Every structure is written in structure tokens, then in C-alpha cells.
Amino acid sequence: VQTCALPIWLESVQTKIVPINTFAPEQYELLKPILVSVFSVEAGFEAGWFDANIHTSGDNEEEAVSNLKSLILDFFDSFSKEPPEKLGVEPKRQLSVIKAFIKRKA
């Protein structure tokens, strides 16, 4: 049996899975929690939602997650305003994933 050693930097990465349970006070309803990864990088922290391929960073874990929440809503708003035929393959896919988790409050 052959095994593959992980690069040194990857072995030391400590990833946390953090749920996003609300977008309050924004006017969006979360249909189900969004699980995002948060890990330390040289200049701070990165947060990512792999299903939707949305990632960002911050100086600390809380800022990285807060920035990610803002970016998710920015993607949702900007992609929702476009006619579907104007969106590329990846933005269409991202919007589809986001809509399975988020909707605007009535």
C-alpha cells in the first residue's frame, strides 16, 4: 500500500467548521444553516463556503466569517438581478446553491 505524505503546510492547517445561522439584521431569511470553513493563513484567517465557491479573508475568525456573510449576500443580490441567460455557468451554479439556503424576507 502506497501512501501520500501531505505537504508540511497542509498538515499544520487547523480548519474549523462554523455554521452561519442568521443574516440579521439584514432582510434575508436563512432556509438552513450554511457550514463554512475557517482557517488560519499567514496574514489572518480565510473563510469559505465550498459548495458555492465563495471565499474571503479577515484579520480574525469573526471578521473572516462576517466578510463571507457580506460576500454571500452580495453574490445573491447581484446574480439575482441578472437575467439567467446573462449569467455564466459558474455564477448560475453559485446562485442555484445560494437560493437553496437563502431567500429575501417578504
Long-range neighbours under 8 Å by Cβ, at least six apart or interchain, first residue in a loop (DSSP other than H, G, I, E, B) within the stretch 58-72, second not hydroxyl-bearing (Ser, Thr, Tyr): Asp59/Gly44; Asp59/Phe45; Asn60/Gly44; Asn60/Phe45
Candidate set from the stretch 49-75 (those that are of a type in the set (Gly, Ala, Ser) and buried (at least 18 other Cβ atoms within 10 Å of the Cβ)); member that is farthest from Ser96 (Cα to Cα): Gly58
All positions within the stretch 8-28 that are outside any loop (DSSP other than H, G, I, E, B) and at pLDDT 95 or above: Pro19, Ile20, Tyr28
Residue ID - farthest from Asn21 (Cα to Cα), chosen from residues in the stretch 89-104 that are open to solvent by 30 Å² or more (accessible area, probe 1.4 Å) and part of a strand (DSSP E or B): Arg104
Members of the stretch 18-32 that are open to solvent by 70 Å² or more (accessible area, probe 1.4 Å) and either aromatic (Phe, Trp, Tyr) or under 14 Å from Lys103 (Cβ atoms) (or both): Glu26, Gln27, Glu29, Leu31, Lys32
Some residue of the stretch 33-48 being loosely packed, with under 14 Cβ neighbours inside 10 Å, part of a helix (DSSP H, G or I) and at pLDDT 95 or above: no
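The values are calculated or read from the model by the stated rules, or taken from the named source; none is laboratory data. Keep in mind that what you see is a predicted model, and the values were worked out from it rather than measured. Here the Cβ is made from the backbone with ideal geometry for all residues, glycine too, and neighbour counts use every protein chain on show. Each accessible area value is taken on the protein alone, full model and side chains, heavy atoms only, with ligands, DNA and RNA left out. Shrake-Rupley method; radii C 1.70, N 1.55, O 1.52, S 1.80 Å.
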